[in-house]
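The values are calculated or read from the model by the stated rules, or taken from the named source; none is laboratory data. All values reported here derive from a predicted model rather than from experimental measurement. Every residue, glycine among them, receives a Cβ derived from its backbone with ideal geometry; neighbour counts consider all protein chains shown.
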Amino acid sequence: MVDYLHQPIYNYYEELSSIFTSTLNPDTISLPRTAEDLLLAHLVYKCLVKIGAWVWNRLDKQGKEEFQRLQPWV
């Protein structure tokens, strides 16, 4: 399941965070859309962290080769 989910979620977070580098400024910080985008990016990031922590904690249970394959991502 981690193999299936981690890359699409990471790509989605990357897309959301790129929005902030181009549009976040003092004029747009108070817009409702900016708050919604920040909230969504935060929720996606929380999912990524939980997946990464789960993979890290299962290092001894799933075998070294699976962890080594996911290590660059973690």
From 49, 44, which residue is modelled with pLDDT of 85 or more and in contact with a Phe, Trp or Tyr (Cβ under 6 Å, 6 or more places away or on another chain)?
44
Please indicate, with yes or no, whether at least one residue in the range 20-39 is at pLDDT 85 or above and closer than 21 Å to residue 71 by Cβ.
no
